[in-house]
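Below is one structure; the comments refer to it alone.
The values are calculated or read from the model by the stated rules, or taken from the named source; none is laboratory data. These numbers were taken from a predicted model, which means no experiment stands behind them. Reconstructed Cβ throughout: ideal geometry from the backbone, glycine too, with neighbour counts over all protein chains shown. What goes into the accessible areas is simple: the full protein's heavy atoms, side chains included, and nothing from ligands, DNA or RNA. Shrake-Rupley method; radii C 1.70, N 1.55, O 1.52, S 1.80 Å.
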Amino acid sequence: MSEPDAAPAGSQPAQSNLVLRVLAGLVLAPLAIALAYAGGWLWALLVTLVSIGLFAEWLMVVGASSVALTGAGTIVIAIVGFCTAFGALKTAVISGFIGGAIVTLIAWRKFVWAATGFAYASAALLASILLRQDLVNGFAALMFVLLVVWATDIGGYFAGRSIGGPKLWPRVSPKKTWSGALGGFAASLAVAAGFAACGIGKVVPLLLVGAVLSVVSQLGDLFESAVKRRFGVKDSSQLIPGHGGLMDRLDGFVAAILAAWIIGFLRHGVHSAGSGLVVW
C-alpha cells in the first residue's frame, strides 16, 4: 500500500482519505480475523474469492481483461481453492498447472502478463489456506503474518506522512519514503516482540522472521507499484474506499504470506507450516 502524497497539515483531502482508510479497516480487519479464526472452508472461501478478485484486477491493470480469460481464471482458481480446502492438494496443484496453461493460451498476445497474474493470485490462495491448515499453530501463524503486514502498512503510512524526507524509489513509487519504510519495519518488530512476550516463539527468531516478512511485504508493494506504473494505472480498482482495489490493499500480504509459507514449509513441511513459522 502506498504512502499518501505530502499535504499541508489539516488539508481536507488528506483528512477525508484517512477517515475512509480507518472506516474500511474497522470493517475489513475484524472480518478477516473472524474468518481466520474460524478457519476451514470459511477462511478458504474468503481467500478464494479474494484471489479471484486479484486475478480479475490484474487483468484489468495489464489491459488483458476479457470475459473468456476472466471466466477461465475464475473457474480454475475456484477449483484450486476447493481442492486445497478439502485436502486434495495434489489435485489442486495439477488443476492449477493445467488451468494456468489454458489461461495462457486464451491470453495469446498478453500471455506472459496473464500467466504472471494467474501465478500471483494462485500463490496467494495456496499459501493462505495451507498456512492456516496447521491444526496446532495455523491461526497464530496467520495472525502473525497479518499483524506484521498491517503494522508495516500503518507504521509506514504515519512515519512517511509525519517525517517525510528522501524518496525510497521515486521512479517506481513516488510516494514512498525511506522514513516510511523504516517506520513500517520498526512497527513489524514491535509485533514480533509482542508475540514472543505472549509465549508464542522465541524473541530473536521471531524478530528475524518479522523483519524478513516486513521487508518482503514492502517489496511486494513496490512490485505492484511497478506493474501499475508500467501500464499507467493509479489504482487497481475503486473497490475499497480509501484503499483502491484488492491489489492495492493486499500487495504486501501476497508477498508476505508466500514468504511465510515457504519458511514454515522448509522447517516443518506442508501440513505444519504454521508451526514452522512461529515455533523456534
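There is at least one residue in the range 125-134 that is out of contact with any Phe, Trp or Tyr (no Cβ under 6 Å at 6 or more places or on another chain), assigned to a helix (DSSP H, G or I) and open to solvent by 20 Å² or more (accessible area, probe 1.4 Å). Scanning the range 182-207 for residues that are touching a helix residue (DSSP H, G or I) at 6+ places or on another chain (Cβ under 7 Å) and free of Cβ contacts under 8 Å to residues at least 12 places away in the same chain, we see that the one that is most open to solvent (accessible area, probe 1.4 Å) is Val203. Taken as a whole, the condition of being of a type outside the set (A, V, I, L, M), part of a helix (DSSP H, G or I) and open to solvent by 20 Å² or more (accessible area, probe 1.4 Å) applies to Phe223. Just wondering, is there one or more residues in the range 226-246 that are assigned to a helix (DSSP H, G or I), buried (at least 18 other Cβ atoms within 10 Å of the Cβ) and out of contact with any helix residue (DSSP H, G or I) (no Cβ under 7 Å at 6 or more places or on another chain)? The answer is no, given that none of the residues of the range 226-246 is assigned to a helix (DSSP H, G or I), buried (at least 18 other Cβ atoms within 10 Å of the Cβ) and out of contact with any helix residue (DSSP H, G or I) (no Cβ under 7 Å at 6 or more places or on another chain).
Between Leu147, Leu142, which is in a helix (DSSP H, G or I), touching a Lys or Arg at 6+ places or on another chain (Cβ under 7 Å) and either touching a residue at least 24 places away in the same chain (Cβ under 8 Å) or basic (Lys, Arg) (or both)?
Values: Leu147 fails: touching a Lys or Arg at 6+ places or on another chain (Cβ under 7 Å).
Of the residues listed, the single one that is in a helix (DSSP H, G or I), touching a Lys or Arg at 6+ places or on another chain (Cβ under 7 Å) and either touching a residue at least 24 places away in the same chain (Cβ under 8 Å) or basic (Lys, Arg) (or both) is Leu142.
Scanning the range 222-280 for residues that are within 27 Å of Leu26 (Cα to Cα) and free of Cβ contacts under 8 Å to residues at least 12 places away in the same chain turns up Lys234, Gln238, Gly244. Criterion applied to Val47, Val80, Val76 was being crowded, with 23+ Cβ neighbours inside 10 Å, of a type outside the set (Asp, Glu), in contact with a helix residue (DSSP H, G or I) (Cβ under 8 Å, 6 or more places away or on another chain) and farther than 16 Å from Ala127 by Cβ, and the one residue passing it is Val76. Among residues of the range 151-164 being open to solvent by less than 50 Å² (accessible area, probe 1.4 Å) and in contact with a strand residue (DSSP E or B) (Cβ under 9 Å, 6 or more places away or on another chain), the one that is nearest to Ser214 (Cα to Cα) is Gly156.
This table checks each residue for (1) surrounded by fewer than 17 Cβ atoms within 10 Å (Cβ to Cβ); (2) under 29 Å from Ala226 (Cβ atoms); (3) at pLDDT 80 or above; (4) of a type outside the set (A, V, I, L, M, F, W, C).
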residue: Leu20; (1), (2), (3), (4): yes, yes, no, no
residue: Leu26; (1), (2), (3), (4): yes, no, yes, no
residue: Ser51; (1), (2), (3), (4): no, yes, yes, yes
residue: Trp58; (1), (2), (3), (4): no, yes, yes, no
residue: Ala68; (1), (2), (3), (4): yes, yes, yes, no
